[in-house]
Amino acid sequence: MTRHLRAFLVVARPAVIFLAATFAALGMAVAGRPDDGVRLVKVLIAVFAYLLFSVVVNDLADQAIDAVNLAGDRRRPLVAGAAS
């Protein structure tokens, strides 16, 4: 389980999640709902799921290229063998 959680966090790219979450929170504030925590959580779940899906599809598509260009890079769990 720890191995899967670690692979999940590596694939998630925390800096991009933080950026997308900041934009989502800013959008909620501009829309006039800065204090609606439940709606913000729903928006963040959708943003996180979309981002994670996009990263996984991209990593699967680039697996052969990353195996050559980024061999042994721990930030690429498919290439490094940490995930399958």
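Could you give me the ³J(HN,Hα) list for the range 57-64, computed from phi with Karplus coefficients 6.51, -1.76, 1.60 and θ = phi - 60°, whole Hz, x at Gly and Pro?
For the range 57-64, the Karplus curve yields 4, 5, 5, 5, 5, 9, 4, 5 Hz.
Using 1/(1 + (r/R0)^6) with R0 = 35 angstrom and r between the beta carbons of ALA21 and LEU60, what's the FRET efficiency to the nearest 0.05?
My answer for the efficiency is 0.90.
With θ set to phi - 60° and the Karplus curve 6.51 cos²θ - 1.76 cosθ + 1.60, what are the ³J(HN,Hα) couplings of the range 49-54 in order, to the nearest whole Hz, using x for Gly and Pro?
Along the range 49-54, the couplings run 5, 4, 5, 5, 4, 4 Hz.
We did not get these values from a lab; they are worked out from the coordinates using the rules stated. Bear in mind that the values here come from a model prediction, so they are computed numbers and not experimental data. In this analysis, Cβ positions are derived from the backbone assuming ideal geometry, glycine residues included, and neighbour counts consider all displayed protein chains.
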